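Heads up, the thing below is written out as structure tokens.
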Amino acid sequence: MNELLWVLAKIGFMLLLILGLLPTMIWAERKGAAYMQDRIGPNRASIGGIFRLAGLVHPIADVLKLVFKEDIIPAGVNRFFYHVAPWLVMVVALSTFAVIPFGDKLYLGDLAINLQVADLNVGVLYILAMTSLSVYGVVLAGWASNNKYSFLASIRATSQMISYEINMGLAVLSLILATGTVRMGEMVHSQGELLFGFLPAWGVVIQPLGFIIFIVALFAEVNRNPFDLPEGESELVSGYHIEYSSLKFALFFMAEYANMIVGAAITATLFFGGWQVPWLTTDVLRSNAGPLLTGSVAIGVCLNLLFAAAAWRHYERFRGRLGDRRELEPMILAIIFLLMAAGSALFLALGKPWLITEAAAAHYATITQIGAFVLKTLFFAWLFIWVRWTLPRFRYDQLMHLGWKIMLPLALLNFFVTAAVVLVVNS
Amino acid sequence: MRGGEAFYLVEILKGMAITMRHLLSNMFDPQRMPTLEYPDQKPEYGPWLRGRHRLMKREDGSPRCVACQMCSTICPADCISIVSGEDDRADVEKAPESFDINLLRCVYCGFCVEACPCDAIRMDTGIFELAADNREAFKVDIDFLLNNTTDGVRR
């Protein structure tokens, strides 16, 4: 019974993580794109006329708008598949997360909690299966919409998926050969070791070429620029979700970002050590929890003070420019940052974090590892956005050329070299 | 295609460096961006801007217009309609009884200003924000036009 509760708690945590990152991703996409193109980007929506949070309110407003819009079902659609497709995309994206570990084993008394929703013994293969399932939603949506553009988009999605799935599979296979396991938990554990005494044995260090092939194939799998041919605006209007409106469109829109987050989490787990903090193993984290916690809280105090000063400077500098309540926002933010700094300082003075108990040290280690995992995921999610606003879209024949004539031979080469090295080392 | 360019990686990294440079410099100095935050900041136009029309007054406050119909004749959009009437004053023969401009029809070409023989109509108010939520608001009459002022505020 207790274990079931813990599984539910872990599922809830994962869902909250993805659904919490979704609006952040949409915000980062819009604001990041704007700043890269020397624009200001979204900043109009506000809460109570005061809080604009640099555009972070916009995703909420967007989703609210989409939910309350009319749900149009065009004539001639295949109703069942038309309704199923957006949910399929979303559900597949969310369920891929089940096998991704986000922390080391946590011991509560005699209860060992594996911080992973499902520790499948075919972990990596499950991920490959689920990511290739995600194209089914796109294909069904394009086909069921009874629209030639979305149909073309789904054809493109299929062929793109087939071409790049092979490369992705070969890259992951090389990694499996190198680490000797397909369980996600064991893979992350083996990445906590050090190579030559100083280099973390991350997948990217063991398999640099494999990583490049994997990340390129991943971009193609989640349909992101430069491989977002299934939604090429210039020639396919908007690709497979032309005929969708309201909540169903919102689902497709959010599923794209959910897929990005999942892809980022997979990359972080397979190639960048998952929840491992480089050079700090779980034991090191637990035994040095006191000084580490004190140091991080002290850094937190300094950062909060810095943010407060920056917000206050912004308030002083731009006072009187807008002439309404929006001007108060940086001042209120400065006060909040100051309060947070004061709270952290109070915790430092009264909580005496350097005298941490052993049980609390274990929790501290787990929280640090979850933080490391989220940070790595965020970085790769940002990479998707960064690349999208840097590169133009591939032409279709270029896509096929890159997939079959460049990446496939490279992936095969990488696979055979890895196999040969593993054979030599093991014999 | 050379081998290095075929795999694109170096070129991609160069491009990413450019976008990141733009992002960071815009983040730390938002004033760099050329965007004008329109409803909060207004653009500054020169005095040659053809904004909303106004009718000039004589020293006694009556309109300068002598209802000669030249502006409504030259108007390519046919948006000015004047009803002329007699005036009792010794030095004035005619004066407009009504002077209506349909701003929805107006193309802001300024021909009426050029045509006017006594400098009675001008487009120098500097008002360029012409928006309303009903059509009637765009049909402006003589009282409105006489009280349109150059500082952009209707008194």
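The values are calculated or read from the model by the stated rules, or taken from the named source; none is laboratory data. This is a predicted model, so every value here is computed, not measured. Here the Cβ is made from the backbone with ideal geometry for all residues, glycine too, and neighbour counts use every protein chain on show.
Being part of a helix (DSSP H, G or I), assigned by TED's automatic domain parsing to the domain that holds A:PRO86, within 30 Å of A:TYR82 (Cβ to Cβ) and of a type in the set (Ser, Thr, Tyr) is a description that applies to A:TYR257.
Does A:ARG44 fit the bill of being more than 14 Å from every other protein chain (Cβ to nearest Cβ), basic (Lys, Arg) and over 22 Å from the mean Cα position of the chain (by Cα)? So A:ARG44 fails the test. If you go through the stretch A:207-239 and keep only what is at pLDDT below 85, surrounded by fewer than 19 Cβ atoms within 10 Å (Cβ to Cβ) and not charged (D, E, K, R), you end up with A:SER234, A:VAL237, A:SER238. What residue, among those in the stretch A:293-308 that are surrounded by fewer than 17 Cβ atoms within 10 Å (Cβ to Cβ) and either within 14 Å of chain B (Cβ to nearest Cβ) or not hydrophobic (A, V, I, L, M, F, W, C) (or both), is farthest from B:PRO39 (Cα to Cα)? Among those that are surrounded by fewer than 17 Cβ atoms within 10 Å (Cβ to Cβ) and either within 14 Å of chain B (Cβ to nearest Cβ) or not hydrophobic (A, V, I, L, M, F, W, C) (or both), it is A:GLY295. For the stretch A:309-325, a tally of residues being surrounded by 12 or more Cβ atoms within 10 Å (Cβ to Cβ) and outside any loop (DSSP other than H, G, I, E, B) returns 8. Taken together, the criteria place A:ILE26 among residues that are assigned to a helix (DSSP H, G or I), modelled with pLDDT of 85 or more and closer than 30 Å to A:LYS148 by Cβ. Only residues that are crowded, with 17+ Cβ neighbours inside 10 Å and without any contact (Cβ under 8 Å) to a residue 24 or more places away in the chain were counted across the stretch A:406-427, and they come to 1.
Show me the helices (runs of 4 or more DSSP H) found entirely inside the stretch A:131-234 where at least 2 residues are closer than 23 Å to A:TRP389 by Cβ and in the same structural domain as A:ARG395 (by TED's automatic domain parsing). Talk me through it step by step, then tell me what you get.
Numbers: elements: A:148-179, A:184-190, A:203-206, A:208-221.
Fully inside the stretch A:131-234 and qualifying: A:148-179, A:208-221.
So is B:PRO30 within 14 Å of another protein chain (Cβ to nearest Cβ) and of a type outside the set (D, E, K, R) or not?
Taking the combined requirement at face value, the residue satisfies it.
Does B:ILE12 meet the test of being surrounded by 11 or more Cβ atoms within 10 Å (Cβ to Cβ), in contact with a Leu (Cβ under 7 Å, 6 or more places away or on another chain), within 14 Å of chain A (Cβ to nearest Cβ) and of a type outside the set (S, T, N, Q)? Yes; evaluated as a whole, the condition is true for this residue.
Do we find that A:ILE60 is surrounded by 17 or more Cβ atoms within 10 Å (Cβ to Cβ) and either in contact (Cβ under 8 Å) with a residue 12 or more places away in the chain or touching a strand residue (DSSP E or B) at 6+ places or on another chain (Cβ under 6 Å) (or both) in this structure?
Numbers: surrounded by 17 or more Cβ atoms within 10 Å (Cβ to Cβ): no; either in contact (Cβ under 8 Å) with a residue 12 or more places away in the chain or touching a strand residue (DSSP E or B) at 6+ places or on another chain (Cβ under 6 Å) (or both): yes.
So A:ILE60 does not fit the description; no.
Taking helices (runs of 4 or more DSSP H) as the structural unit, those lying wholly within the stretch A:337-427 and holding at least 1 residues that are more than 13 Å from every other protein chain (Cβ to nearest Cβ) and among the acidic types (Asp, Glu) correspond to A:358-388, A:396-400.
Looking at this structure, is B:ASP91 in contact with a strand residue (DSSP E or B) (Cβ under 9 Å, 6 or more places away or on another chain), over 30 Å from A:PRO42 (Cα atoms) and at pLDDT below 85? Answer is no for this residue.
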